[in-house]
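What follows is a single structure, written as structure tokens, with notes after it.
The values are calculated or read from the model by the stated rules, or taken from the named source; none is laboratory data. All values derive from a computational prediction rather than experimental measurement. Here the Cβ positions follow ideal geometry from the backbone for every residue, glycine too, while neighbour counts run over all protein chains shown. Ligands, DNA and RNA are stripped out before the accessible areas are found, and what is left, the full protein with its side chains, is counted by its heavy atoms. Shrake-Rupley method; radii C 1.70, N 1.55, O 1.52, S 1.80 Å.
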Amino acid sequence: MAAFRIGIFTSGGDCPGLNAVIRAVVAAASQHGWEVYGFIDGFEGLLSPVRYRILEENATVGIASLGGTILGTTNRGRFATRVGLGQIQQIPKAVLDEVWETVEGLEIGGLICIGGDGSLTAAQQLFEVKLPIVGVPKTIDNDISATSISFGFYSAVEFVTQALDRLRSTATSHRRVMVVEVMGRYAGWIALFGGLAGGADVILLPEIPFHYEKIAHEVRKRIAEGALQTMIVVAEGARPDHGQFVTQDEETEKGVLGEIRLGGIGRHVAKMVEQMTGQESREVVLGHLQRGGPPTALDRNLGMLFGVAAVRLVEQKRFGEMVAFQNGHVGSVPIREAIRATKTVPPDCEEIAAARAVGIAFGD
Ligand code: F6P
């Protein structure tokens, strides 16, 4: 009798820990005697010309420590379910039919989609046409609902923390204001957790609209108190009260290829602060450095737990569910619950209250 066969793919922006999940899935599946087909470049590998690699157990030894994804990925293209400023789009029926043909043709009994909110939205649409699919949440942004954490997030936070440590010494030497722009899309988790760990003086989040005058006031106050530098962390999705998102895309690209790319707010903040305070300011955009490189120990272990849990979901035929970390345990939730809303930072959360208690400003 032919071995039971599963498919796996990574989708959306890459992040540290993806290979740890792949390794765990292959290792756990091989314990069951299953075969694992790894589809190339995300959902696209399921479409003609179908592209996959058979993932042998011994060929995946040691990959958990590698950044990126050995399978490739894309956050654009025919499966883009989130476009523009996050509006949801339906995948065309012809594309869904083609996925069905691939899955039937290759006799895949279960598909594991490792992805963020956009990819999980696509996975839900595939599940609604009865494809046997389960989800594994991945994102550096930590913005997926129904899971308190996703792998990739703490690796990004670690990088932001180290960057702040380095930038502080040069800011101090030059008595400058240093504005550090970080990723996170419409959620401020990376800015908040990285900013706190890296000792930021001001943290600007999408969840708390800011006022330039409040930031300038903070800088002037610090100078009067003898501070030699001011470290400002700004999330790419932060904006002034009643202001717009700063984006990098041309008008023509919007909504066609996928989601709008945020970025550039750091430059505005640095310019305004310099103008309003007379204090020399510089901006640094950490960009994709936050996504690259090896995962931290925590993200490797989380990836392992998630991979094993995904294999369990397939074994129990709990399709349409996503692995989730809740109350200190790995469990699962319906994918539709995870994609219902973006998980943003509650402005009254413990971390923000503690930050305010130690004098960190949020520009409000
Ligand atoms: O969702 C992950 C993320 O890194 C966001 O923080 C960022 O806005 C976006 O992806 C960048 O996407 P791209 O790799 O397409 O530039």
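Only residues that are closer than 19 Å to Val95 by Cα, touching a residue at least 60 places away in the same chain (Cβ under 8 Å) and of a type in the set (S, T, N, Q) were counted across the range 123-139, and they come to 1. Scanning the range 11-40 for residues that are aromatic (Phe, Trp, Tyr) and surrounded by fewer than 24 Cβ atoms within 10 Å (Cβ to Cβ) turns up Trp34, Tyr37. Here the range 105-138 is the region considered, the condition is being within 16 Å of Leu305 (Cβ to Cβ) and under 11 Å from the mean Cα position of the chain (by Cα), and the residue that is farthest from the ligand (Cβ to nearest atom) is Pro137. Residues that are of a type in the set (Val, Ile, Thr) and touching a Lys or Arg at 6+ places or on another chain (Cβ under 9 Å) were ranked within the range 155-194; the one that is most open to solvent (accessible area, probe 1.4 Å) is Thr170. Output the residue which, of all residues in the range 212-242 that are among the hydrophobic types (A, V, I, L, M, F, W, C), touching a helix residue (DSSP H, G or I) at 6+ places or on another chain (Cβ under 9 Å) and open to solvent by 30 Å² or more (accessible area, probe 1.4 Å), is nearest to Glu283 (Cα to Cα). Applying the filter and picking the extreme gives Leu228.
Residue-wise test of (1) among the acidic types (Asp, Glu); (2) without any contact (Cβ under 8 Å) to a residue 40 or more places away in the chain; (3) open to solvent by 30 Å² or more (accessible area, probe 1.4 Å).
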site	(1), (2), (3)
Gly320	no, no, no
His329	no, yes, yes
Pro334	no, yes, yes
Glu337	yes, no, yes
Lys343	no, no, yes
Glu351	yes, no, yes
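Looking at the range 132-154, is at least one residue at pLDDT 95 or above, open to solvent by 50 Å² or more (accessible area, probe 1.4 Å) and among the acidic types (Asp, Glu)? Among the residues of the range 132-154, not one is at pLDDT 95 or above, open to solvent by 50 Å² or more (accessible area, probe 1.4 Å) and among the acidic types (Asp, Glu), which makes the answer no.
Comparison of Met304, Met322 shows that the only residue that is closer than 21 Å to Asp14 by Cβ, assigned to a strand (DSSP E or B) and out of contact with any His (no Cβ under 7 Å at 6 or more places or on another chain) is Met322.
Here Val273 passes the criteria (1) in a helix (DSSP H, G or I); (2) in contact with a Pro (Cβ under 9 Å, 6 or more places away or on another chain) except the one numbered (2). Take the range 276-296 and flag every residue that is over 15 Å from Ile190 (Cβ atoms), open to solvent by 70 Å² or more (accessible area, probe 1.4 Å) and not in a loop (DSSP other than H, G, I, E, B). Matches in the range 276-296: Arg282, Glu283. Within the range 131-152, the presence of a residue that is part of a helix (DSSP H, G or I) and among the aromatic types (Phe, Trp, Tyr) is excluded.
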